[in-house]
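Novice: Dropping the structure in here first, questions after.
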Amino acid sequence: MNEELFDPRPAKTVFSRIGFSMTTLLLLTTVLQIIVVIALGNLMATSPWAMWLGTFSPMYLIGIPTGLWMMRKLPAEAPQESRLDKKNFLIFFVIGLFLMYAGNFMGIFLSGFLSGGTAENSLDTYAMDNHPLKVLFMVVLAPLLEEYVCRKAIIDRTRRYGEKVAVMLSAVIFALMHQNLFQFFYAFALGLVFAYIYVRTGRLRYPVILHAIYNFMGSVIAPWILTLTSTDALTKVPNGSPEMLADAYAKMLPGLLLAGLYAMVLIAGAIAGFVLLLIKGRKLIWQESPEQLPKGTAFKTVYLSGGMIVYSLLCLSSILLALV
């Protein structure tokens with residue numbers, strides 16, 4: 001598209017509508033969560049059922065459907081479908097593994113630095129809970145619904161302005177949607193991977209499965225490993241009882257060995273992911289789109305549209321408040 005003849009207004013309207021849709025999704029979710037907390041009172045702190053349902057139901061039952069309803073009139077076209085073979089699926093998984101842990105490290109470091117070490121990751125409360133609803137919400141519903149919103153709904157409506165534009169927007173919205181610095185960087189990085197897979201395959205199942213695997217690793221496997229390495233048993237050993245102390249260490253040994261093995265596998269996978277990212281990152285395929293935004297116009301057209309400004313400011317405000 002010729003930059004001199006380019007009229008950004010139609011495209012800006014699309015991106016603004018998406019931004020306002022996401023803003024409404026988050027505002028509705030937040031307001032309803034506050035109402036639920038007030039209505040349930042102490043039950044939110046004492047009942048896992050109340051905690052899980054009260055936290056996630058407002059978004060899944062009302063916030064997301066409303067946001068999607070607001071986008072319904074925007075023209076949408078899914079990418080052409082193609083198959084992702086097992087080899088390339090594994091490659092993307094390993095690359096994502098590196099990006100996830102690198103982004104997680106950046107989030108933890110910056111959150112601690114900017115808050116003076118006082119910021120707490122609210123996700124830890126949910127990740128360390130062992131209630132069965134954790135699997136339903138974090139491993140099943142979150143991947144399904146978040147991928148539908150951030151990949152299919154957004155990419156299908158923006159891909160015509162350029163695949164790179166759609167992939168970047170999908171990742172930015174996904175990262176901001178988490179509303180905290182702990183998750184921002186790895187959510188953004190994984191969002192890029194998920195979005196690229198969807199653009200190239202047109203099949204939502206692949207990013208959903210990857211998303212579910214990563215969530216399962218972080219919310220189920222990692223907390224379970226931590227329980228195996230707990231040192232609580234050592235505090236119950238009476239002073240001067242070497243036999244009981246040796247027995248306590250013996251009981252901890254299998255868990256420590258498993259934790260060490262798991263850590264080595266993750267480190268090896270992350271290193272392999274870094275190498276593969278350097279190799280494969282140069283071979284990404286981008287197809288031209290019929291209404292591709294001219295070079296140098298994407299940022300103003302996408303992120304300086306009214307809805308995206310409001311959405312970005314809302315999420316950034318939440319991120320900053322979480323650091324206080």
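Novice: At a threshold of 8 angstrom on Cα-Cα distance, excluding pairs fewer than six apart, so keeping six or more, what relative contact order does the chain reach in percent?
Specialist: 32 percent
Novice: Show me 317-324, 17-24 ranked by packing, highest mean number of other Cβ atoms within 10 Å first.
Specialist: With the highest mean Cβ count within 10 Å placed first, the list reads 17-24, 317-324.
Novice: Return the carbon/sulfur percentage of the accessible area of the range 1-86, one whole number, probe 1.4 Å, all protein chains in place.
Specialist: Its accessible area is 63 percent carbon and sulfur atoms.
Novice: For the cross-link pairs 86/280; 87/283; 12/164; 164/280; 86/134, which exceed 22 Å when the distance is taken from alpha carbon to alpha carbon?
Specialist: 86/134
Novice: Relative to the longest principal axis of the chain, what angle (0 to 90°, nearest 10) does the C-alpha long axis of helix 205-216 take?
Specialist: Value to nearest ten degrees: 30.
Novice: Among 277-287, 173-183, how do they line up by average Cβ neighbours within 10 Å per residue, starting with the highest?
Specialist: In descending order of packing, they fall as 173-183, 277-287.
Novice: By average Cβ neighbour count within 10 Å, what is the ranking of 138-145, 269-276 from highest down?
Specialist: 138-145, 269-276
Novice: Calculate the FRET efficiency for residue 228 and residue 272 from the Cβ-Cβ distance with a Förster distance of 25 Å, rounded to the nearest 0.05.
Specialist: After rounding to 0.05, the efficiency reads 0.45.
Novice: Right, here's the next one. If you fit an axis through the alpha-carbon atoms of helix 306-323 and take the longest principal axis of the Cα set of the chain, what angle between them do you get, 0 to 90°, nearest 10?
Specialist: Taking Cα atoms only, the helix is inclined about 20 degrees.
Novice: When the chain is fully extended, how far beyond the present Cα-Cα distance does residue 285 get from residue 7, taking 0.36 nm per residue of separation?
Specialist: Gain on extension, residue 285 to residue 7, equals 97.4 nm.
Novice: Using Cα springs under 10 Å in a Gaussian network model of the chain, which residue among 129, 156, 85 shows the largest mean-square fluctuation?
Specialist: 85
Novice: Efficiency by 1/(1 + (r/R0)^6): what FRET value for residue 135 and residue 265, r their Cβ-Cβ distance, R0 = 25 Å, to the nearest 0.05?
Specialist: The pair residue 135/residue 265 has a calculated efficiency of 0.70.
Novice: Another one. Taking a probe of 1.4 Å, how large is the accessible area per residue of the chain, in Å²?
Specialist: 54 Å²
Novice: A follow-up question, please. Using a Förster distance of 51 Å, how high is the FRET efficiency between residue 31 and residue 247, based on the Cβ-Cβ distance and rounded to 0.05?
Specialist: 0.45
Novice: For the Cα atoms of the chain, what angle does the longest principal axis make with the long axis of helix 181-201, in degrees from 0 to 90, nearest 10?
Specialist: Once rounded, one gets 50 degrees.
Novice: Next question, about the same structure. Provide the gained length on full extension for the span residue 257 to residue 61, in nm with one decimal, where the gain is 0.36 nm per separating residue minus the Cα-Cα distance.
Specialist: 66.3 nm
Novice: Measuring from label point to label point, each 7 Å out along Cα→Cβ, what is the residue 83 to residue 69 span in nm?
Specialist: In this crude spin-label approximation the distance works out to 4.0 nm.
The values are calculated or read from the model by the stated rules, or taken from the named source; none is laboratory data. Since the model is a prediction, treat every value here as computed from it, not as a measurement. Here the Cβ is made from the backbone with ideal geometry for all residues, glycine too, and neighbour counts use every protein chain on show. These area figures cover heavy atoms from the full protein model, side chains too; ligands, DNA and RNA do not enter into them. Shrake-Rupley method; radii C 1.70, N 1.55, O 1.52, S 1.80 Å.
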